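A.B. asks: Pasting a structure here, questions to come.
What follows is calculated from the coordinates using simple rules that are stated; it is not laboratory data. This one's a predicted model, so the numbers in the text were calculated from it and none came from an experiment. Cβ coordinates were reconstructed from backbone atoms using ideal geometry, including for glycine residues, and neighbour counts include every protein chain displayed.
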Amino acid sequence: MLERLNKGRVAVDPVYRFHESYVPEPNSGCWLWLGSQRGSMGYGSIKIKGKNVVSHRYSWEIHYGEIPYLSLVCHTCDNPACVNPSHLFLGSHKDNRADMFKKGRQNCKGPTTLKGESNPSAKLSQLQADEIRKSGMKINDLTKKYGVSRSTVFRIRNGKLWNQLNRSTGNEQNRRSN
């Protein structure tokens, strides 16, 4: 566990340091990384032989062995701070992207992007968007009432946002006439 280095310093075994740097979360089963963070995406980092290594990748290596060239270590739990090896799987960029779309985690434009209320980032309901569209209130008043930006209100009124649900169900005319 401890190893003497030059000048009397003591190095702690990296596997030991790894296991001291997370806490099990009982509800999800995730092992939440408490050590250093790498960037703003929430992935952990651990220094191994002077080099920063992403903590969930190191977890894979400790528990399962070497990661094949060009393989990603992906999360079944979608929690970047998780280092539980039973929540990790190897995959390609294509596999990771397919998993992202299957779970509705994408944050990009495309035919499978979650729209309206089904998007977890949505600040409005379909009913609120319809109210904005029909309202005669000023844009500034609507931004305060609904807590959204001027551009969001403007785009809803001009049919650029929140119309996609109506078009996809073929109920655009029905909703406007109600």
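A.B. asks: Report the Cα centroid-to-centroid distance between region 135-152 and region 35-82 in angstrom, as an integer.
C.D. replies: With region 135-152 and region 35-82 each reduced to a Cα centre, they are spaced 43 Å.
A.B. asks: Kindly provide the trypsin sites (Lys or Arg not before Pro) of region 49-90 that DSSP labels as loop, not H, G, I, E or B, and whose Cβ sees at most 11 other Cβ atoms within 10 Å.
C.D. replies: K49
A.B. asks: On to the next question. Normalise the Debye intensity by I(0) for region 2-102, one equal point scatterer per Cα, no solvent, then take log10 at q = 0.20 Å⁻¹ and round to two decimals.
C.D. replies: -1.04
A.B. asks: May I ask which of K51/K103; K49/K103; K123/K160; K134/K160; K103/K123 have a Cα-Cα span longer than 26 Å here?
C.D. replies: Result: K51/K103; K49/K103 exceed 26 Å.
A.B. asks: Here is a follow-up. Separation between the H63 and D95 pseudo-spin-labels, each 7 Å from Cα along Cα→Cβ, expressed in nm?
C.D. replies: According to this spin-label approximation, the distance is 1.5 nm.
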